[in-house]
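Just below is one structure, and these are the notes that go with it.
The values are calculated or read from the model by the stated rules, or taken from the named source; none is laboratory data. Please read all numbers here as calculations on a predicted model, not as lab measurements. Note that we place each Cβ from the backbone using ideal geometry, even for glycine, and neighbour counts take in every protein chain shown.
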Amino acid sequence: MSEGTCPRVAVSLGNGEGEHTDAAAFAFDFAVPVDTPLVATDAGTVTHLFANTRSGEPCWTGGGPECANKANFVTPRHEDGTATHYRHLNAVMVEAGQGVPRRAAIGLSGATGVAAGPHAHVARQADCGLSQCPSMRCGSPTSATTGCR
């Protein structure tokens, strides 16, 4: 591959179906090889992270419902009041409270937690102050927005 080009990857968007329901309704999954460096899509400050699932543990390479709270993740908050959630990481490369510029490496892709294989799970939402925000669907009882139009 020549410099300045990107490889083709498969992308899925749940739109509230399949595995992408509730809080993950509008997340994108990018099929990438394990340990692919992931970079911040925008500058921000890391407000939440989890990096406790380790190699060799049952939820390291994906699992069922028992792994729901075992996905390693990073959540930076951006100046516009949104937050981006990066989940299923093999490695977290930042710390809570750290400022990260756009395009800075934040972690390595993986399949920790509930995952069918290695991928980059990315969702940008209004920041609700939690590590994963409720769905952004207007009119939903769990909507993190008001006055949707």
Query raised in the report: Does segment 79-93 hold any residues that are out of contact with any Gly (no Cβ under 9 Å at 6 or more places or on another chain) and free of Cβ contacts under 8 Å to residues at least 40 places away in the same chain, and which are they?
Result: D80
Requested in this report: For C128, state whether it is modelled with pLDDT under 80 and either more than 15 Å from T36 (Cβ to Cβ) or of a type outside the set (K, R) (or both).
Outcome: yes
Query raised in the report: What are the residues in segment 32-47 that are surrounded by 16 or more Cβ atoms within 10 Å (Cβ to Cβ) and either under 11 Å from the mean Cα position of the chain (by Cα) or among the aliphatic types (A, V, I, L, M) (or both), if any?
Result: V32, L38, A40, V46
Query raised in the report: Just one of D29, D80 is within 20 Å of C128 (Cα to Cα) and at pLDDT below 95; which is it?
Result: D80
Requested in this report: Look at V94 and say whether it is at pLDDT 95 or above, assigned to a loop (DSSP other than H, G, I, E, B) and not aromatic (F, W, Y).
Outcome: yes
Report summary line: Pairs returned, first residue in segment 108-124 that is over 16 Å from L49 (Cβ atoms), second residue that is part of a strand (DSSP E or B) and among the β-branched types (V, I, T), beta-carbon separation under 8 angstrom, 6 or more apart or interchain, are R124/T82; R124/T84
Query - Selected residue [modelled with pLDDT under 65, under 26 Å from A104 (Cβ atoms) and not small (G, A, S)] from V39, V74, V11, V46 - result: V11
Query raised in the report: For segment 63-84, which residues satisfy the criterion of being crowded, with 21+ Cβ neighbours inside 10 Å and assigned to a strand (DSSP E or B)?
Result: F73, V74, T75, P76, A83
Report summary line: Being of a type in the set (S, T, N, Q), closer than 20 Å to G117 by Cβ and either in contact (Cβ under 8 Å) with a residue 12 or more places away in the chain or not in a loop (DSSP other than H, G, I, E, B) (or both) narrows T41, T45, T53 down to just T53
Report task. For V92, state whether it is touching a helix residue (DSSP H, G or I) at 6+ places or on another chain (Cβ under 6 Å), among the aliphatic types (A, V, I, L, M) and either at positive phi or buried (at least 18 other Cβ atoms within 10 Å of the Cβ) (or both). Result -> no
Query raised in the report: Which of (1) at pLDDT below 95; (2) within 19 Å of P33 (Cα to Cα) is the odd one out, the single condition S109 does not satisfy?
Result: (1)
